[in-house]
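Structure record follows, encoded as structure tokens.
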Ligand code: SF4
Ligand code: SF4
């Protein structure tokens with residue numbers, strides 16, 4: 001009896017591993033973390049279209065002896081969405097650019113990539129220095145401080161002078177009667193009264 005389903009001819013290749021996208025390593029430490037994945041059994045890492053992936057060969061617990069799914073009705077969404085259009089059996093292997101199946105392969109790749117990255121950074125720094133040397137440098141001239149505003153000094157007014165002639169005189173006027181030019185009582189009058197003109201008799 002011939003089968004119309006491709007899966008019937010396959011040994012369930014897609015149920016024997018899983019793959020996760022991982023961050024692209026940039027530093028020695030990040031490469032070393034990926035090296036750590038690879039020291040474990042059944043692990044592989046690959047780069048496809050500049051993205052990094054971690055793969056683990058691990059048979060699904062629900063794959064039955066006849067290569068059929070044991071939880072077909074309740075299988076995870078990712079299994080439901082998978083189609084034979086471009087699957088492992090039909091479409092062949094992943095389209096990876098680099099595949100690491102051992103920690104040593106990754107370490108060798110990391111050394112090269114880090115050296116290349118360091119060289120790129122050095123070239124960029126030198127380019128920036130050349131650019132800076134070509135650009136005329138603007139020297140900031142500090143504005144001289146403004147001279148402090150000259151404050152007009154007002155003559156110091158003494159109480160005796162503020163009283164006006166009629167109050168500053170001695171016993172004949174409105175002074176304090178001691179002829180010492182000092183006033184009492186009147187000196188505390190408001191300034192508006194103190195400045196009244198003295199009218200001629
Ligand atoms: S989807 Fe493809 S790889 Fe998975 S079982 Fe079917 S034929 Fe095999
Ligand atoms: S749940 Fe079923 S379809 Fe999904 S991986 Fe397991 S056996 Fe395959």
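FYI, it's all coordinate maths here, none of it is from the lab. Just so it is clear, the structure is predicted and the values come from calculations on it, not from any experiment. Cβ atoms come from the backbone with ideal geometry, glycine included; neighbour counts cover every protein chain shown.
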Label point distance in nm, residue 41-residue 148, each placed 7 Å from Cα along Cα→Cβ: 8.7 nm
Hits in region 36-77: amide N under 16 Å from the 7 Å Cα→Cβ extension of residue 11, namely 57-60, 63-68
Expected unfolding gain across residue 140-residue 50 under the 0.36 nm per residue rule, minus the alpha-carbon gap, is 27.8 nm
